[in-house]
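Everything below concerns the one structure shown next.
The values are calculated or read from the model by the stated rules, or taken from the named source; none is laboratory data. Note that the coordinates shown come from a computational prediction; the quantities given were computed from them, not determined experimentally. Quick reminder, even Gly has a Cβ in these numbers, built from the backbone with ideal geometry, and neighbours come from all protein chains shown.
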Amino acid sequence: MPVELIVIVALVVMFVGSILLNLNMGLAAFVTAFVVAVYIAGMSAKEVFAGFPANMFINLFGITFLLGIAHENKTMDWLVTKFIGLTRGRLALLPWVFFAVSAITATLGPAVAPLMIGMALTLAEKYKINPLLAGAMVVHGSQGGSFSPIAPFGVLINSLVESSGLTPSPYLLYTQVLLAHILLAAVIFVLFGGIKLVGQKAVNIDLPSADMAGPEKLQPGQIATLVGILLLVVAVVLHIHIGIAALAIGLVLLLFLPRGERQRSLTKMPWGVIVIISGVLTYVSVMQSAGAISWLGEHINNLGSPLWIALLMCFLVAIITAFASTFGTIGILIPLSVPFLLSGEISTAGLVGAMVISAVMTDISPFSTYGALVLASAREEIRERLMSRMLVYMGVLVVLAPIVSWLVLVVPGW
């Protein structure tokens, strides 16, 4: 068996094993990368370590560190409270607030989806809003904003494309994904009972609990956090290293926290996500060094038209992410699509956008993290019915998202 094929088979085994055994895919990728590289591909340990995505790690570390402080000091809670207050009791606006808050916070970095899902489902029950509409608005808002140039998903995709020798289009990718989710949100608002809410008004929309409400008046640390987030956006525009900029801003913000809480801020970071991204990218580097991606590209190109292969990739990523990690799936499948992207027959921005949209549309699946949170936040007596509706909705998206995104973004060859 060729070494290149062994490297690819090991990837599949690692991927499937991580899903079945519920293991962090990044940890499995680090170990598999070392074993395959050193004992099969004849690489040195130094060459494996050279593939560690140091720049990506610093970017993710800095951004999630800064936004973690914003969660910890209740700045994000304050933003959520203010947005809900803007509805002035108009119930038809409430689902759109769920979407907007989730999208805006996801654009900045780690989304407030867990907080918003619990709040949305509770408010939906109180004001007779379809729970699937409330939950889907949060999920699609979060995923719609998750591919900004400073969010973990966006950093991952653009780094993958750039490291593969292609030209990333960070702002185009963000726009594609966000617009796709806005259009989907408009459709589900109509289909899932949003029109019935038009004209209905509550005297005052009360938050489910005091824990979900942000501070009535901003404190110095929260004002500094909002300024820090704006400075991070400026750093992106000025092409300042985003990871170092975020770390510097976060370091200053730590001074506004009580001494006893400063060290604890590091424990609140999403280390699992960072490990997944770092591990998967390290394995992708091993695949490139071992020639596995080039070897795969030669065989893929013999299968038929790149256009139909692109559609197959979109379906594959949609089906897999309905049951597995979106981070890990995209991190693996995008590098595998590089060989026929390099042929020039398929637009890089078009296929990457179509694959990303196909992947994240299905995160409403009850088997995904967000979908599971929606189910867990619903009342026990409606969970079984809600799960059935979520499965039907997911099934429709698994079929339609790849086809529509392929027709709109890939076929025209933008």
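Condition first: under 21 Å from Ala246 (Cβ atoms) and hydroxyl-bearing (Ser, Thr, Tyr). Now tell me which residues in the stretch 152-178 satisfy that. Please lay out each step first, then the result.
Let us first name the residues in the stretch 152-178 that are under 21 Å from Ala246 (Cβ atoms), namely 152-160, 162-163, 168, 170-171, 173-174.
Correct list: Ser159, Ser163, Tyr171, Tyr174.
Please enumerate the residues belonging to the stretch 21-65 that are in contact with a Leu (Cβ under 7 Å, 6 or more places away or on another chain) and assigned to a loop (DSSP other than H, G, I, E, B).
If the condition is that a residue be in contact with a Leu (Cβ under 7 Å, 6 or more places away or on another chain) and assigned to a loop (DSSP other than H, G, I, E, B), then Pro53 is the only one that fits.
Restricting to the stretch 249-263, name every residue that is touching a residue at least 60 places away in the same chain (Cβ under 8 Å) and either of a type in the set (Val, Ile, Thr) or part of a helix (DSSP H, G or I) (or both).
Ile249, Gly250, Leu253, Leu254, Glu261, listed by residue number.
Consider the stretch 84-110. How many of its residues are out of contact with any Lys or Arg (no Cβ under 6 Å at 6 or more places or on another chain), farther than 25 Å from Ala246 by Cα and either part of a helix (DSSP H, G or I) or of a type in the set (D, E, K, R) (or both)?
12
Can you confirm whether Met355 is buried (at least 19 other Cβ atoms within 10 Å of the Cβ), at pLDDT 85 or above and within 15 Å of the chain's Cα centre (by Cα)?
Yes; evaluated as a whole, the condition is true for this residue.
Which one of these does Pro168 not meet: (1) in contact with an Asp or Glu (Cβ under 6 Å, 6 or more places away or on another chain); (2) not in a loop (DSSP other than H, G, I, E, B)?
Answer for Pro168: the failing condition is (2).
Could you give me the residue pairs with C-beta distances under 7 Å whose first residue belongs to the stretch 162-184 and is more than 10 Å from Gly353 (Cα to Cα) and of a type in the set (Phe, Trp, Tyr), whose second residue is surrounded by fewer than 20 Cβ atoms within 10 Å (Cβ to Cβ) and at pLDDT below 90 wherever it lies, and which are 6+ apart or on separate chains?
Partner pairs satisfying both residue conditions: Tyr171/Pro149.
Among the residues of the stretch 241-273, what is the count of those that are surrounded by fewer than 18 Cβ atoms within 10 Å (Cβ to Cβ), of a type in the set (Val, Ile, Thr) and under 28 Å from Pro335 (Cβ atoms)?
Number satisfying all stated conditions: 1.
Check whether at least one residue in the stretch 187-204 is out of contact with any His (no Cβ under 6 Å at 6 or more places or on another chain), more than 18 Å from Thr87 (Cα to Cα), assigned to a helix (DSSP H, G or I) and at pLDDT below 90, and report yes or no.
no
Picking from Gly135, Gly144, Gly118, Gly68, which residue would you name as being assigned to a helix (DSSP H, G or I), modelled with pLDDT under 80, within 23 Å of the chain's Cα centre (by Cα) and farther than 17 Å from Leu226 by Cβ?
When all the criteria are applied, what remains is Gly118.
Got at least one residue in the stretch 36-44 being modelled with pLDDT of 80 or more, closer than 12 Å to Val280 by Cα and not aromatic (Phe, Trp, Tyr)? Walk me through it before giving the result.
Kept after step one, since they are modelled with pLDDT of 80 or more, are these residues of the stretch 36-44: 36-44.
From the residues that got through so far, the ones that are closer than 12 Å to Val280 by Cα too are none.
No.
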